[in-house]
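Engineer: This structure is in C-alpha cells; I'll ask about it shortly.
The values are calculated or read from the model by the stated rules, or taken from the named source; none is laboratory data. Note that the structure is a prediction, hence the values are computed from the model and not measured. Here the Cβ positions follow ideal geometry from the backbone for every residue, glycine too, while neighbour counts run over all protein chains shown. Heads up: the accessible areas ignore ligands, DNA and RNA and are worked out on the full protein's heavy atoms, side chains in. Shrake-Rupley method; radii C 1.70, N 1.55, O 1.52, S 1.80 Å.
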Amino acid sequence: MKRYIPDFITSLNLLCGTLGVIFTFYERLDIAFFLMLASAVFDFLDGFSARLLGAYSDLGKELDSLSDLVSFGVLPAMILFRLTAGNACCCVIYEDINLWSLFPVLIAVFSGIRLAKFNTDQRQTSSFIGLPTPACAMICGSLAYFVSREPESFLASWAAGPVFIPTLSAVLSFLLICELPMFSMKIHRNEPKNMTFRLRIAFFAAVAAIVVIVLSLRLNWSLTVLLSFVAYILLNAVAAIAKLAKK
C-alpha cells in the first residue's frame, strides 16, 4: 500500500495545478498563485515520501512530469496570459485576446520540452541545466499576485503595457531550455565545500536579505518570492560567466 503514497501526493500536485488554471479563467490570480504554492509543496513531498518509503516506480516518474507540466507549465502560462490579455495592441485576434497576450503560451510549450529533456538528461542528477519549471512558475505566479494586490505599483504599470509580459515570457522560455548550469536547493550530507555549495549559501543569504528589506519597507510578501527566484537566476548566470572567464 505504501508504494501508492507518493503517486497520491503527486496527484494532489496535479489537482492543485488544474484548479489553479480554472481560477485564472475567473481572474482570481491570487487564488491561482496559492494553488501553485500548494502544488510546489506536494511536488516536494512526493519526492521526499518516495525516498523515505523507497517507493519508486516508472508510473510515478511519468505522473510527476505530467503534473509538473500542468502546475508549473500551463498554470504560469495562463496566469501571465490573463494578466496581459486586453492590453492595448493593434493585433487583436478575438475580443480581449491579442497577439502580445499569446506570448506566455510559450512558457507552457518550453516547460514541456524542458521536462522531457530533464527525464532523459543524465547530467541533471544533482543539479540542473536550465531553469527548473517550479522556479519559472514562481516568478510568474508571484508577479501576478503582487500586481493583483498592488495595482498602483510600478510592476503593475509595466505589466499593463504591451512589452513587459511578452518579453518576460520569451526570456523565461529561453532559460528553461538553455545550457546554463543551475544549482539544486537540496543540501546533501557530507557535501563538499565546492562552488555549488558556496552558491547555495550565497542564495540563502540573498533570500534572508530580501526578506529583511521587504519586511522593513512593508512591501507585499509575494515580492520576496519574486525577488528570491530572480536572485537565483542572477547568481547562476554570474557564476557561469565567471567560469567562462577563467577558461
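Engineer: Quick one: would you say Phe110 is closer than 26 Å to Val163 by Cβ, touching an Asp or Glu at 6+ places or on another chain (Cβ under 9 Å) and either assigned to a helix (DSSP H, G or I) or modelled with pLDDT of 80 or more (or both)?
Structural biologist: Numbers: closer than 26 Å to Val163 by Cβ: yes; touching an Asp or Glu at 6+ places or on another chain (Cβ under 9 Å): no; either assigned to a helix (DSSP H, G or I) or modelled with pLDDT of 80 or more (or both): yes.
When the stated conditions are applied, Phe110 does not pass them.
Engineer: If you don't mind, there's one more thing I want to ask. Looking only at region 162-205, filter to residues that are at pLDDT below 90 and among the aromatic types (Phe, Trp, Tyr); which one of those is most open to solvent (accessible area, probe 1.4 Å)?
Structural biologist: By that ranking, first place goes to Phe197.
Engineer: Out of everything in region 15-51 that is more than 13 Å from the chain's Cα centre (by Cα), assigned to a helix (DSSP H, G or I) and of a type in the set (Asp, Glu), what residue ends up being nearest to Ala144 (Cα to Cα)?
Structural biologist: Only one residue fits best here, namely Asp30.
Engineer: Taking interchain pairs and intrachain pairs at least six residues apart, which have beta carbon atoms under 6 angstrom, with the first residue in region 35-58 and touching a residue at least 40 places away in the same chain (Cβ under 8 Å) and the second surrounded by 13 or more Cβ atoms within 10 Å (Cβ to Cβ) and basic (Lys, Arg)?
Structural biologist: Ala55/Arg3
Engineer: Please determine, by comparing only the residues of region 1-43 that are crowded, with 24+ Cβ neighbours inside 10 Å and of a type in the set (S, T, N, Q), which one is nearest to Lys61 (Cα to Cα).
Structural biologist: Here the residue is Thr10.
Conditions (1) modelled with pLDDT under 90; (2) open to solvent by less than 60 Å² (accessible area, probe 1.4 Å); (3) hydroxyl-bearing (Ser, Thr, Tyr); (4) assigned to a helix (DSSP H, G or I), marked per residue:
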site	(1), (2), (3), (4)
Lys117	yes, yes, no, yes
Thr125	yes, no, yes, no
Ala135	no, yes, no, yes
Leu143	no, yes, no, yes
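Engineer: Read through the list (1) in contact with a strand residue (DSSP E or B) (Cβ under 9 Å, 6 or more places away or on another chain); (2) part of a loop (DSSP other than H, G, I, E, B); (3) modelled with pLDDT under 90, then give the number of the only condition that Leu131 fails.
Structural biologist: Evaluating Leu131 over (1) in contact with a strand residue (DSSP E or B) (Cβ under 9 Å, 6 or more places away or on another chain); (2) part of a loop (DSSP other than H, G, I, E, B); (3) modelled with pLDDT under 90 leaves (3) as the failure.
Engineer: Still on this structure, please answer the following. Which pairs turn up if I take residues in region 224-247 that are under 18 Å from Ala137 (Cβ atoms) and look for partners that are assigned to a helix (DSSP H, G or I) and open to solvent by 60 Å² or more (accessible area, probe 1.4 Å) with beta carbon separation below 9 Å, at least 6 apart in sequence or on another chain?
Structural biologist: From residues that are under 18 Å from Ala137 (Cβ atoms), the pairs are Thr224/Ile213; Thr224/Leu215; Leu227/Ile213.
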